[in-house]
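The structure under discussion appears below in the form of structure tokens.
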């Protein structure tokens, strides 16, 4: 998938922003053509059956499990820039069952979201505020213009270093406004939420949440993935979707938490039938 070229100096700046501020913005990362294509896929699946949003959350249009809908959503994140950021922040340097420089982080959640007329409270996605240790990273790809009026995402800069759960009485934010094709990346410890959409316009974005491989995803991705999509996955994509991290049934199967890459490659599509 074609993306704007990011120089090594720009890459270092974005990584520094994530480390110091907790977030960064990459302008015009995806072309207008790609943004429109992904938006079309989102609108196509908008009417599909989806999980009910709990009442404690805000009212928003949400499409869950995009990896089950179309492989294009997964491959939206399959570029060297994202991979290098995610490896830098999430890779386990002691992971034994893949080559040393192979990406071993996994997908935690993949959804499309468009704000409605209520706010989303400040929260963290890491589940546990770990401060200067990053366990989760979120990548938000704007598919439409995002402004204060359309209910943009808000963040509290440097809150990822607080080692505290979000203060939901916080009223001072940084507003993540941007155009279609812009990308925001933030640390999963960063306090973030969204403000109400006071317009009748949608504000669709695709949000990929990624984590260290030992953390469980929101949904059971390997068991829920359609076989027609599984059969097209590369090794990196199988790692990303958690097929290497499926725990063994018991000690007779194996005594490691992850599956050796060569075993998954040898079994190929058989592993899918074993899982489901």
Among the numbered criteria (1) within 19 Å of the chain's Cα centre (by Cα); (2) within 24 Å of residue 189 (Cα to Cα); (3) crowded, with 17+ Cβ neighbours inside 10 Å, which single criterion is violated by residue 15? (3)
Between 16, 28, which is out of contact with any helix residue (DSSP H, G or I) (no Cβ under 9 Å at 6 or more places or on another chain), outside any helix (DSSP H, G or I) and modelled with pLDDT of 95 or more? 28
Find the strands (runs of 3 or more DSSP E) located wholly in the range 93-172 whose residues include 1 or more that are modelled with pLDDT of 95 or more, over 21 Å from the mean Cα position of the chain (by Cα) and closer than 22 Å to residue 235 by Cα, and list them. none
Quick one: is residue 41 out of contact with any helix residue (DSSP H, G or I) (no Cβ under 8 Å at 6 or more places or on another chain) and surrounded by 18 or more Cβ atoms within 10 Å (Cβ to Cβ)? no
Please state which one of 228, 200 is without any contact (Cβ under 8 Å) to a residue 24 or more places away in the chain and either in a loop (DSSP other than H, G, I, E, B) or within 20 Å of the chain's Cα centre (by Cα) (or both). 200
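The values are calculated or read from the model by the stated rules, or taken from the named source; none is laboratory data. What you see is a predicted model, and the numbers here were worked out from it, not measured in a lab. Note: ideal-geometry Cβ built from the backbone for every residue, glycine included; neighbour counts use all protein chains shown.
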